[in-house]
Every structure is written in structure tokens, then in C-alpha cells.
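Heads up, the thing below is written out as C-alpha cells.
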Amino acid sequence: MRVLSGIQPTGRFHWGNYFGAIRQYIDLQHGNEAYYFIADLHALTTVREPERLRQNVVDAALDLLALGLDPAKAVLFRQSDVPEVSELCWLLMTGTPMGLLERCHAYKDKKEKGLAADAGLFTYPVLMSADILAYDADIVPVGADQVQHIEVCRDLAGAFNHHFAETFVLPKAKTLDASAKVPGTDGEKMSKSYNNTIELFEEPKAMRKKIMRITTDARPMEEPKEPEGDHLYQLYSLFASDAQREEMAALYRRGGFGYGEIKKALADVAEAYFAEARAKRAELAADPARVEQILADGAEKARKKASATLKRAQRNCGLK
Ligand code: AQP
């Protein structure tokens, strides 16, 4: 299978990014042809400071490599290093109905909140479609919030294939049942724009502080509680072994505990979980030239694939 996914360098990655998407990237690099990119063109709709964007890209690469993305197995590259994708985006754009984009939640949510949206945000599902189709991806590992955009991609690819000739592979989204929508500290979807995130490589002290602020209900300590649907329990479950999870569920059902205890247990498992990656990240950060080389090698491989797809699409629609 050919696997492709992208992640925006709009800030430091959080637990939602990891358990919803990055963990899948790492698993799927084994036994598949995998392409992963740092979506800097997409990030431009949010990050408007050049230095910060550049730094975010480096941080994103360091995070991914530290978490186990292996450049010997998967192709890691910057989105903007493959200009073929932007051209492919235009080809798709000419056949994209406005109504389809008006229904996409990234744009709709912003508009409903009365926030200013630009054409970049409005057309983002089309660029994302080009990102996917350029590499003939079969599978796109993502969190639940991206499933709608993969459906748009399938619609656009299907319409192009139908109107012109068989050009694109129709991709499928892949989500993980237990972590397709990781809750944030307030119980809503963990998201940078909701200010409810816990970052992967946050300083342990700062991380503990955030964990202590996770919202809980006001039921008395002695009362038994149902663990399912409780976001603190859900977050703990992401890190815990089966035995730890069952023990925690039994504690909830028995009652007689304070949420402070659970939060402390969550901070302990989370700190241990990322300790190895944290050390590896520090090592990688000491050698920026190596990271740059990994991205340059990745771009070369990615361009080769994307330019073959672009040529096919140009020929089929009459440009060549
Ligand atoms: N809370 C989440 N649970 C599961 N998966 C998630 N993802 C994001 N949040 C969660 C998945 O992470 C991948 C990268 O997402 P992105 O590049 O679109 O990052 P993002 O959407 O910018 O993340 P945020 O924090 O949610 O940002 P904003 O606030 O800008 O929307 C994707 O596969 C995504 O599904």
C-alpha cells in the first residue's frame, strides 16, 4: 500500500496529533511505501511570521524523527519543496464546485464563529486533495476531523477520472478507533485553536500544571463514577497498559478517590511515555544539518513521484 499524510507546522505537536495521526505514521512506515510531509503551505493560512514558520518546520521534523519516523523507511519532506502539487491543485480547482467547499468544516466553523476566513482556508481541501493524489496514495492516516476532507478528495479525483480519463487513485482515510478524537483539557477536541492542548515535549513541570487543570465534574469523592465518556479517563487510557487501564476503571467504579490522584497518575505515565523520544530529540537537535539533509533527500524522492502524476493529469486534461 502507498501511505501519505501531512501535518501542519502551526505550533508544537500535541497529544491529539500524536495519538490520532503520528502514531499511525510510525506504524505504517513498516511494510508500505510511505510519504509524510510537513504542510508549510497550509500553515501559511495561520502563521504569518516568516521566522516562526521556518522554526516550526524544523521543530516538526525534529518531533517526527524523535518519535520514530525513520527516513530509511519513509519519505519525509516539506510540502513547499514539491511545487508540482500546487500546479495539480489548480487542475483540481477548476473542477471543484463552490458548494462542496462551503460545506467543509474548517471554513464553515470559522465563518460561523464570525472569524475572517481567506481563500487559502476556503480552498484548503483542494490543496490537501492534490497533496494526496500526487503520490497515488491508497491510505491516508488521520484523526477524525480530517475524514471529511478525504471524502472531498475522493469526490474531486472521481470527477476528474470520470470527465477526462482514469488519472488518480481514490484514497481511503484511516483512523484509530480509540484515539480518532483526543479530548483536550476542557473535554472538547484537543486543538491548538481551542487553547486546550498538552504538547508532546512540553517541559515536565509545565505539563503537570496543565494536567492539573483538566476539567472534571463536581461529584463528591466517595461517589462511584462511570469511566467511559470521562475525558480524564480517556486521556489516561491513551498511555496506560491494559492492566493499568482496567485498574483505573475499577477505581472509578468503586469511588472514594480524588481527581488529583488520577491526574498525578496521568502525569507520571505521560512523562515516562515520551522520555525516550525526548532524549532522542535533544540529540537530533544538536545536528541541524542532518535534519536538513533528510528533508532535502525526501523532497527529491517526493518530487519524482509527484511530477509523474502531474504529467499524467496534464496529458489527460489536454494541457500536454
Ligand atoms: N484532537 C485530536 N485527536 C485526534 N487527531 C487529531 N489531529 C489533530 N487534533 C487531533 C490530527 O493530527 C493530524 C495533524 O493535524 P493538522 O496538521 O491539521 O493539525 P491541526 O488540525 O492544526 O491540529 P489542531 O491542533 O486541531 O489545529 P487547529 O486548531 O489549527 O485545527 C491530522 O491528521 C489531524 O486529524
Over the stretch 61-80, the set of residues in a helix (DSSP H, G or I) and either under 18 Å from ASP136 (Cα atoms) or among the polar types (S, T, N, Q) (or both) is GLN79, SER80
Filter the stretch 4-27 down to residues that are more than 11 Å from the ligand (Cβ to nearest atom) and within 14 Å of the chain's Cα centre (by Cα) and give me whichever is farthest from ALA270 (Cα to Cα). LEU4
Within the stretch 190-208, considering residues that are open to solvent by less than 60 Å² (accessible area, probe 1.4 Å) and not aliphatic (A, V, I, L, M), the one nearest to the ligand (Cβ to nearest atom): SER191
Residue in the stretch 97-125 that is modelled with the highest pLDDT, counting only those that are part of a helix (DSSP H, G or I) and among the basic types (Lys, Arg): LYS108
Among the residues of the stretch 229-250, is any closer than 21 Å to HIS14 by Cα, crowded, with 18+ Cβ neighbours inside 10 Å, touching a strand residue (DSSP E or B) at 6+ places or on another chain (Cβ under 6 Å) and of a type outside the set (Val, Ile, Thr)? yes
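Yes/no per residue for (1) among the β-branched types (Val, Ile, Thr); (2) over 21 Å from ALA306 (Cα atoms); (3) in contact with a strand residue (DSSP E or B) (Cβ under 7 Å, 6 or more places away or on another chain); (4) at pLDDT 95 or above:
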residue: VAL82; (1), (2), (3), (4): yes, no, no, yes
residue: GLY95; (1), (2), (3), (4): no, no, no, yes
residue: LEU127; (1), (2), (3), (4): no, no, no, yes
residue: ALA165; (1), (2), (3), (4): no, no, no, yes
residue: PRO171; (1), (2), (3), (4): no, no, yes, yes
Top-ranked residue of the stretch 30-60 - restricted to ones that are in a loop (DSSP other than H, G, I, E, B) and open to solvent by less than 10 Å² (accessible area, probe 1.4 Å), ranked as farthest from the ligand (Cβ to nearest atom): VAL47
Residue list for the stretch 151-171, filter: in contact with an Asp or Glu (Cβ under 7 Å, 6 or more places away or on another chain) and surrounded by fewer than 20 Cβ atoms within 10 Å (Cβ to Cβ): VAL169
For the stretch 84-106 the number of residues that are open to solvent by less than 70 Å² (accessible area, probe 1.4 Å), within 16 Å of HIS42 (Cα to Cα) and either not hydrophobic (A, V, I, L, M, F, W, C) or not assigned by TED's automatic domain parsing to the domain that holds ARG48 (or both) is 3
The residue that is least open to solvent (accessible area, probe 1.4 Å), considering only those in the stretch 61-83 that are of a type in the set (D, E, K, R) and under 18 Å from GLU276 (Cβ atoms), is ASP63
Considering ASP109, ASP131, ASP118, which residue is more than 22 Å from LEU235 (Cβ to Cβ), crowded, with 22+ Cβ neighbours inside 10 Å and within 15 Å of the ligand (Cβ to nearest atom)? ASP131
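The values are calculated or read from the model by the stated rules, or taken from the named source; none is laboratory data. None of these values were measured; they are calculated from a predicted model. Quick reminder, even Gly has a Cβ in these numbers, built from the backbone with ideal geometry, and neighbours come from all protein chains shown. Please note that ligands, DNA and RNA were not included when accessible areas were found on the heavy atoms of the full protein model with its side chains. Shrake-Rupley method; radii C 1.70, N 1.55, O 1.52, S 1.80 Å.
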